[in-house]
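Working notes for the structure below.
The values are calculated or read from the model by the stated rules, or taken from the named source; none is laboratory data. In this text, all values refer to a predicted model and were calculated from it rather than measured experimentally. Heads up, the Cβs are rebuilt from the backbone with ideal geometry, glycines too, and the neighbour counts pull from every protein chain shown. These area figures cover heavy atoms from the full protein model, side chains too; ligands, DNA and RNA do not enter into them. Shrake-Rupley method; radii C 1.70, N 1.55, O 1.52, S 1.80 Å.
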Amino acid sequence: MTHELADGTKVEYAFGLATIEFMGDITTGRVIFGPDGAEPLLGVTALESVGIVVDPANLKLKRLPAIPLK
């Protein structure tokens with residue numbers, strides 16, 4: 001599958017599905033297998049699926065009281 005990096009470069013990486021546990025909650029999601037030595041990242045989609053949002057003003061993660069379905 002082709003992915004676009006932040007600098008606009010297009011690369012092909014394999015992907016798979018995984019169970020993700022974060023802050024005591026479990027979700028599933030797609031994981032991309034980058035090159036050896038790549039820094040692991042947890043994306044916003046996985047965070048939102050367990051009711052966590054990023055507060056950019058305070059540089060913190062916040063748990064939502066309910067997961068919005070809209």
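General observations
- Within this structure, residue 68 passes the test of being over 16 Å from the mean Cα position of the chain (by Cα) and within 30 Å of residue 1 (Cα to Cα).
Yes or no, residue by residue, for (1) aliphatic (A, V, I, L, M); (2) in contact with a strand residue (DSSP E or B) (Cβ under 7 Å, 6 or more places away or on another chain); (3) closer than 19 Å to residue 68 by Cβ; (4) part of a strand (DSSP E or B):
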| position | (1), (2), (3), (4) |
| --- | --- |
| 7 | no, no, no, no |
| 27 | no, yes, yes, yes |
| 32 | yes, yes, no, yes |
| 40 | no, no, no, no |
| 48 | no, no, yes, no |
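- Search result, residues across segment 4-50 that are of a type in the set (A, V, I, L, M), free of Cβ contacts under 8 Å to residues at least 24 places away in the same chain and either touching a Cys at 6+ places or on another chain (Cβ under 9 Å) or open to solvent by 60 Å² or more (accessible area, probe 1.4 Å) (or both): 5, 6, 14, 17, 41, 42, 44
- Hey, residue 63 among the charged types (D, E, K, R), in contact with a Phe, Trp or Tyr (Cβ under 7 Å, 6 or more places away or on another chain) and open to solvent by 100 Å² or more (accessible area, probe 1.4 Å) or not: no
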